1. Once both labels are modelled 7 Å past Cα along the beta-carbon direction, what's the F166-K49 spacing in nm?
2. Out of all DSSP beta bridges with both ends in the chain, state the antiparallel percent to the nearest 5.
3. Could you calculate the contour length gain from R305 to N231, that is, 0.36 nm times the residue separation minus the distance between their Cα atoms, to one decimal place in nm?
4. Once the Cα atoms of helix 11-26 and of the chain are each reduced to a long axis, what angle between those two axes, in degrees from 0 to 90 to the nearest 10, is obtained?
5. For the pair R26/E93, report the inter-label distance in nm, with labels modelled 7 Å from Cα in the Cβ direction.
6. Ordered by packing density, taken as the mean number of other Cβ atoms within 10 Å over each peptide's residues, highest first, how do 158-170, 340-352, 402-414 rank?
7. Find which of H165, L304, I339 sits farthest along the positive direction of the dipole of the chain, computed with +1 on the beta-carbon of Lys and Arg, -1 on that of Asp and Glu, about the Cα centre.
8. To the nearest 20 debye, what is the magnitude of the charge dipole of the chain about its Cα centre, counting +1 on the Cβ of each Lys and Arg and -1 on the Cβ of each Asp and Glu?
Amino acid sequence: MDPLHHHIHTKKYHSEMIHHLGNLIRINTRNPPGNELEAVKYITKVFDKEKVDTIVLESAPGRGNLIARIKGDGSKKPLLLMSHLDVVGVEPEKWDHDPFSGEIIDGSLWGRGALDCKNSVVLWMMILLILKREKITPKRDVIFLATADEETGGRYGARWLLDNHFELIEAEAALNEGGGFGREFLGHTFYTYQTAEKGNIWLRLTVRGKAGHASMPGKSNPTLKVIHLVNRLIKRKGRFAVTDTVRKMVEVMSEAQRFPVNILMKQILNPILSETIISAAIKDEATADGFRAMLKNTVCPTVLRAGQKVNVIPSEASAEVDIRILPGEDSEKTLEDLIRIIGDDVDVEVLDRVPPTESPLDHLLADSIRKTMARHKPDSFLIPLMLPGSSDGAFFRTKGTVVYGFTPVLPMDDMGLAHAHNERISLQSLEFSLNVGLETVLDFVL
C-alpha cells in the first residue's frame with residue numbers, strides 16, 4: 001500500500017516543529033515546582049487556532065495536564081500519543097549555553113527537555129495538526145496527552161488522570177517516550193521500540209541511636225549502623241531473569257552478527273556466562289550496566305543523611321534506596337526479602353512504588369513501527385527495549401493499554417544527555433522524528 005504519508009509534504013511542517021520546540025523549552029517547567037500549566041496554555045492556544053478539541057485539567061495550582069483529540073470514524077479503538085511537560089533541574093553554570101534558551105547552535109536545538117521529552121510533546125502536537133489541516137479522518141480517535149509531574153512520579157499527572165479521568169484517555173494502544181532512538185553497536189545500527197519497564201520501590205531506612213560526643217564513639221552510633229546496613233543491601237545478589245523483551249532484543253542483535261560473535265552474544269542470556277560476556281565484550285560502561293540492569297533486580301542507595309556537626313554523634317541516620325524490579329518478578333516478595341535483611345531495628349518507609357510492566361511484543365502498532373522503520377532505515381534492525389527505569393507508560397499498562405516507547409531519534413544524538421548538562425537534539429533528528437512518527441501513526445489509524 002502506498003502510504004498516505006507520501007502525499008503529505010512534511011517539509012513545510014519541519015520548521016514549525018522546531019519553532020514550537022524552542023518555545024516550549026523557553027517555558028521553564030523544572031520539577032519541582034513544575035509549572036506545567038504555562039506550557040499547557042501555549043499548546044492550547046496553538047490547538048484552539050486550528051479548532052482542535054482540547055481539555056485542560058489542573059490537578060493542583062499550576063500543575064496542568066492537556067488532552068486533545070482528533071475524532072475518528074469509531075470503527076477502531078483510539079490511539080493515545082502521550083508525553084510529559086515537566087523536566088528535571090539544571091546547573092546552569094555547567095552548561096555551555098543557556099538551558100532554557102531553545103537556541104539553535106551547530107545544527108542542534110539546545111535546552112532542557114530537548115530529548116526528555118518536549119521533543120515528544122511537539123512530535124505528537126504536529127501529528128494532530130497535520131491530521132486536522134490535511135482533513136484526514138482516521139478509523140481511530142487520536143488522543144494527544146501532555147502530563148505534569150512525570151519526573152517525580154506522576155502524582156499530579158498520569159496517576160491523577162488515571163484515577164480521576166481515565167474515560168478521557170482510554171485507548172487500545174499508546175506511543176510514549178523512552179524508545180525509538182538509534183544506537184550503533186558492533187558494526188550495525190539498531191532502533192528501539194520500548195516494550196517494558198522495570199518497576200520501582202523507593203525506601204527510606206532510618207536508624208536511631210544515642211547522641212553523644214564524637215570523641216567517645218560507641219556501638220550505638222546510627223551513622224555506623226546505616227553504613228553497615230547499606231553494605232548488606234548492595235552485597236545482595238539479585239536473581240537472574242530473562243523477560244520476553246530482553247530475550248527478543250538479544251536474539252535480534254545476535255542474528256545481526258557473524259560467527260562466533262553471534263553465538264557468544266546469545267550467552268548474555270546464560271546466567272552462568274552472562275557477566276563474563278558483558279565484561280569482556282562490551283567496552284562502553286553505560287551499555288554494559290544497561291544489560292546488567294535488564295537481567296536482574298537492582299538495589300541502589302542514593303541518599304544518606306546523618307549528623308549536623310563533625311564532633312557530635314547524631315541520634316538518627318537514614319538512607320534512601322532505589323530498588324528496581326523486572327517484569328514478571330514478585331514485587332511484594334522482593335520487598336519482604338529486603339525487609340528481612342534490613343532487620344527489625346530499622347524504620348522502613350515506602351516513598352514510592354511503580355509496578356514493573358511489559359507490553360506484548362507483537363501488536364498491530366508494533367507492526368506499524370516495523371513497516372515504517374523498514375521503509376526509512378532498511379539496513380537497520382528494530383529491537384524491543386526494556387527501560388531500567390520507569391515512565392508514565394507503566395501506569396497505562398496496568399489499565400490494559402498496549403504502550404510502546406517510540407519517539408524516533410537518529411544515532412547521531414546522544415540520549416545520555418537527557419538528564420545531563422548540554423541536553424540538545426539535532427534538527428536532522430527532528431525531521432526524521434516527524435517523518436517516521438507521522439507515517440507510523442497513519443499506518444495504524446487508517
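1. Result for the modelled spin labels: 3.7 nm.
2. Taking every DSSP beta bridge within the chain, about 70 percent pair in antiparallel fashion.
3. 25.1 nm
4. Tilt of helix 11-26: around 30 degrees.
5. Result for the modelled spin labels: 2.7 nm.
6. Most protected by this proxy first, the peptides run 402-414, 158-170, 340-352.
7. I339
8. For the chain, the charge dipole is close to 500 debye.
All of the numbers you see were taken from the coordinates with simple rules; none came from a lab. In this text the structure is predicted, and so the values were computed from the model without any measurement. Because the Cβ atoms are built from the backbone with ideal geometry, glycine has one as well, and the counts that use them run over all protein chains shown.
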